[in-house]
Amino acid sequence: MKSKLNLDVKQIDEARSSAKRIAESMQEFIDRHTTVSTERTILRLLGVDGTDDVLTPLPNVVVDRLLDNGQLSKGVANFIGSAIHNLKKSPQEISEMVSEGTLDFESLKPVKKEDVEKALKPYITESLKKIKTQTEKREEYLKTIGEGKKPYLYVIVATGNIYEDVVQAKAAVHQGADIVAVIRTTAQSLLDYVPFGATTEGFGGTYATQENFKIMREALDEAGEEVGRYIRLCNYSSGLCMPEIAAMGALERLDVMLNDALYGILFRDINMQRTLVDQFFSRVIIGYSGVIFNSGEDNYLTTADAFEEAHTVLASQFINEQFAVLANIKEEQMGLGHAFEMDPDMENGFLYELAQAIMAREIFPRASLKYMPPTKFMTGNIFRGAIQDAMFNLVSVWSGQSLQLLGMLTEAIHTPHMQDRYLAIENASYIFNNARNLGEEIEFKENGIIQKRAQKVLKDARALLMDIEKEGLFSTIEQGKFGGVKRPRDGGKGLLGVVVKNEDYLNPFIPLMMGGAK
Amino acid sequence: MAQKKKEEKMVATSKVDLTQVKPYGDSLNDGMVETAFTLPVPHGEEANEAARILTKKMGLMEPNVVYSKDMGSGYTFFVVYGKCVHTVDFTNIKVTKVEVDVMSREECGAYWEKNIGRPVVIVGASTGTDAHTVGIDAIMNMKGFHGHFGLERYKGIEAINMGSQVPNEQLIEKAVSVKADAILVSQTVTQKDVHITNLTNLIELLEAEGLRDKMIVIAGGPRISHELAQELGYDAGFGPNSYAEDTASFVLTEMVKRKMV
Ligand code: B12
């Protein structure tokens, strides 16, 4: 396809290769480390669930024990495997024994590597089968009842109470939503464990728990069958429990997951080493289970200027794409993020937004681009807010975005009320339908404002990527180049949970999932 | 005759009785109000009637359901017009405002030089689980907001911005260790009144440690008013569209007033 923006293919290729080298060099660091959350994820995938009597999740109990004893560098799978081999008990039973104090891993006889792997095998197979059953179910739904047209209408629910969320979500489906995201409660990203069971108390969002996932999944399947359209469920594989939530999402058939180490570093002050290692395993799981991940570049524009810093969004998309490639994620599952966040008082702002949206589409032709609405410049003037959202919707259908996170006219005031969501869906449906094929009809003036804007953003992104390649990603973040937020390499939350692997380290899921095991 | 009519008209529009003010649509005292809301009832004539009855109870007479829409799952959305029966005595309104003559950044500098002369230490943070920093950054950081420079640029002021998600205990610890003259707290997330709990907790901790009177304590955020802040035990509260000069003017004059210099 010919570029409508007259983008220089050579520059795109250079930017992409640069991002590839940045990701690969980070991957070397990642491959040498594991984290407490990565290890807890392995336990969850081996079927360990539930809590001890003070409500600490069993995966935490077991992993913390190994961490305290300085044994985590071998990986929890080694210990569980040898315990299965020795005791002929399941990973769940073994974890319960550890928690009750009736099993000490050190008392176990050493076991050969092959025997460890053999002991784990049935549990691994069962887990992968569960995930495959879910992916097949999604495919089955898509084949039978189908799905909405792109850009998918993506709305959020955020009542804090999963049962109230269900009411809101079902209503949204009847109003036309294609994707429902359950926003997480404020403090969850900093919890180093995943709460257990159904929850009804959250602030600005609802806890991500496996039970909550299950409740919402059932509700959306039911609503989807009623309206004859598959409804995608979205949640957050982010924060200190990134990979665990990815595993829970894979098991409960989530379809979309927010997943971006940079977001956690910049906006939640999570330690960069910790979350980049966590991100890798979570992306492997996401890739394997057919989930679309969403990256969080759009957020940079809430702390930095959307016009001046547009190239940081593109540079970060390139890097996120390459991290995804390393985790074996298909292009269609790459929900790279960007946003319509320029100051509405800026002359020709619409032209610049349009240029950048089309640019993202041309540079990532098959990605499931996630386009975020105006938030920062939304005000209490909800009537004007509805127009800002309309402008955003027009750019989206024109430029062929994939996941349209709908703007709410009350964005500056509160998390969405039911009618806000209805008005947002109506706004987008009207514009998408009314301007469906606009993009195919229009070309741009050579060297006009639109072409020049896109070319400049690409040029600046390429230059930034070359800088990052020289500096390394860690120092780039330390210097505050993304979102204007500076974070030290050893600062933030969660660094204590990062462990160097020793030569016996084992994570049996990674090779199997990357190889697309059945 | 024509002349007289014109005069009457001019009189009609300007004769606002400020002791009995009502909403204005297109003629004085028509009381016109537009509302939008959702009821958890299925769409239909009964739903519309329910909306009318409810609107009357709000004090809006002759309610007119101009739009209603089925939102699925037994919920209905309404747009309803009505004529408000209530009035407000505008001559008798009282608002608690921060009482300070706001000085510009340069004026603050001059005031500091003349009346204080020693470094004024101000510690700020977005506290509790709140991860929003743009508000506190707007007040404290060099760059400021909307062309208003932040406290870091002020003569005589040493501004320490601790960022977001800062526990109250940590904020106090820092304030003590740098001998802060003032603490600035920003709160953005207000769902289920988390900000109230968190703001109250800070004051309780300060009181428990006998520190409350030693520092000027200020709260700010999009849903913070001076009145609310005072109720919660703060010296001042600043809401939307407030800038560093408001805070600086308040802190500097208050220090002089309290002889903290
Ligand atoms: C940017 C933004 C974010 C960014 C924040 C980036 C950052 N580092 O700050 C990101 C994307 C990270 C974010 C995350 C979340 N956000 Co947010 N966010 C916003 C947004 C779009 C703009 C806020 C902003 O920056 N305003 C600009 C600043 C300058 O304005 P301000 O804060 O009011 O500050 C001014 C005054 O209030 C005052 N002031 C402020 N503080 C202080 C302090 C002092 C001492 C003084 C004197 C004055 C003062 O001076 C400032 C300048 O005039 C608003 C929506 C909106 N348009 O308002 C939602 C919004 C605030 N977010 C919201 C929510 C719910 C969240 C999340 C909790 C969502 C979730 N469940 O994950 C998370 C936060 C998680 C957490 N742990 O807190 C809700 C809050 C709802 C409510 N009333 O409770 C809003 C309203 C959006 C919505 N409709 O849902 N958010």
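The values are calculated or read from the model by the stated rules, or taken from the named source; none is laboratory data. Quick caveat, the model's predicted, so the values are computed rather than measured. For neighbour counting, all protein chains shown are included, and Cβ atoms are generated from backbone atoms with ideal geometry for every residue, glycine included. Side chains included, ligands, DNA and RNA excluded: accessible areas come from the protein's heavy atoms. Shrake-Rupley method; radii C 1.70, N 1.55, O 1.52, S 1.80 Å.
General remarks:
- The lone exception for residue B:246 - which of (1) in contact with a helix residue (DSSP H, G or I) (Cβ under 8 Å, 6 or more places away or on another chain); (2) at pLDDT 95 or above it fails: (1)
- Just one residue in the set A:140, A:136, A:96 is modelled with pLDDT of 95 or more and surrounded by 13 or more Cβ atoms within 10 Å (Cβ to Cβ); that residue is A:96.
- The residue pairs whose first member lies in the stretch B:158-176 and is free of Cβ contacts under 8 Å to residues at least 12 places away in the same chain and more than 19 Å from residue B:248 (Cα to Cα), whose second member is more than 14 Å from the ligand (Cβ to nearest atom) and open to solvent by less than 20 Å² (accessible area, probe 1.4 Å), and whose beta carbons are closer than 6 Å, counting only pairs six or more residues apart or on different chains, do not exist in this structure.
- Qualifying residue in the stretch A:396-403 (condition: within 16 Å of the ligand (Cβ to nearest atom), open to solvent by less than 30 Å² (accessible area, probe 1.4 Å) and in contact (Cβ under 8 Å) with a residue 12 or more places away in the chain): no
- Flag for residue A:299 being within 14 Å of chain B (Cβ to nearest Cβ), at negative phi and either in contact with a helix residue (DSSP H, G or I) (Cβ under 6 Å, 6 or more places away or on another chain) or touching a residue at least 40 places away in the same chain (Cβ under 8 Å) (or both): yes
- Being closer than 30 Å to residue A:486 by Cβ and either more than 8 Å from the ligand (Cβ to nearest atom) or not assigned by TED's automatic domain parsing to the domain that holds residue B:183 (or both) is a property that does not hold for residue B:98.
- Residues being more than 14 Å from chain A (Cβ to nearest Cβ), of a type outside the set (Val, Ile, Thr) and more than 30 Å from residue A:226 (Cα to Cα) are represented in the stretch B:71-82 by at least one member.
- From the options B:209, B:152, B:204, residue that is over 18 Å from residue B:240 (Cβ atoms), in contact with a strand residue (DSSP E or B) (Cβ under 7 Å, 6 or more places away or on another chain) and of a type outside the set (Phe, Trp, Tyr): B:152
- Residue ID - farthest from the ligand (Cβ to nearest atom), chosen from residues in the stretch A:184-201 that are in a loop (DSSP other than H, G, I, E, B) and within 11 Å of another protein chain (Cβ to nearest Cβ): A:201
- Counted residues, the stretch B:221-241 - those being over 27 Å from residue B:261 (Cα atoms) and within 9 Å of the ligand (Cβ to nearest atom): 7
- Top-ranked residue of the stretch A:161-176 - restricted to ones that are of a type in the set (Val, Ile, Thr) and more than 8 Å from chain B (Cβ to nearest Cβ), ranked as farthest from residue A:198 (Cα to Cα): A:166
- Scanning the stretch A:202-237 for residues that are modelled with pLDDT of 95 or more, touching a Ser or Thr at 6+ places or on another chain (Cβ under 6 Å) and open to solvent by 10 Å² or more (accessible area, probe 1.4 Å) turns up just one, A:207.
- Yes/no for residue B:87 being away from the ligand (no atom under 14 Å from the Cβ), modelled with pLDDT of 95 or more and of a type in the set (S, T, N, Q): yes
- Total residues in the stretch A:83-93, condition surrounded by fewer than 21 Cβ atoms within 10 Å (Cβ to Cβ) and assigned to a helix (DSSP H, G or I): 5
- Complete set of residues in the stretch A:106-128 that are in a helix (DSSP H, G or I) and without any contact (Cβ under 8 Å) to a residue 40 or more places away in the chain: A:106, A:107, A:114, A:115, A:118, A:119, A:121, A:122, A:125
- Number of the exception - residue A:179 against (1) among the hydrophobic types (A, V, I, L, M, F, W, C); (2) more than 21 Å from residue A:41 (Cα to Cα); (3) within 14 Å of chain B (Cβ to nearest Cβ): (3)
- Criterion: within 12 Å of the ligand (Cβ to nearest atom), open to solvent by less than 10 Å² (accessible area, probe 1.4 Å), of a type in the set (A, V, I, L, M, F, W, C) and within 23 Å of residue B:132 (Cβ to Cβ) - qualifying residue of A:310, A:306, A:261: A:306
- The residues of the stretch A:287-303 that are more than 9 Å from the ligand (Cβ to nearest atom) and open to solvent by 10 Å² or more (accessible area, probe 1.4 Å), listed by number, are A:287, A:288, A:290, A:292.
- Residue in the stretch B:219-239 that is at pLDDT below 95 and among the aliphatic types (A, V, I, L, M) present: no
- Matching residues, the stretch B:58-115, being of a type outside the set (Asp, Glu), within 19 Å of residue A:420 (Cα to Cα), in contact with a strand residue (DSSP E or B) (Cβ under 7 Å, 6 or more places away or on another chain) and without any contact (Cβ under 8 Å) to a residue 40 or more places away in the chain: B:65, B:66, B:67, B:68, B:69, B:71, B:75, B:76
- You will find that of B:99, B:34, the residue that is outside any helix (DSSP H, G or I), over 29 Å from residue A:163 (Cβ atoms) and either open to solvent by less than 60 Å² (accessible area, probe 1.4 Å) or within 14 Å of another protein chain (Cβ to nearest Cβ) (or both) is B:34 and no other.
- Residue within the stretch A:113-123 that is within 30 Å of residue A:433 (Cα to Cα) and open to solvent by 30 Å² or more (accessible area, probe 1.4 Å) present: no
- The stretch A:450-484, residues that are buried (at least 20 other Cβ atoms within 10 Å of the Cβ) and within 16 Å of the ligand (Cβ to nearest atom): A:477, A:481, A:482, A:483
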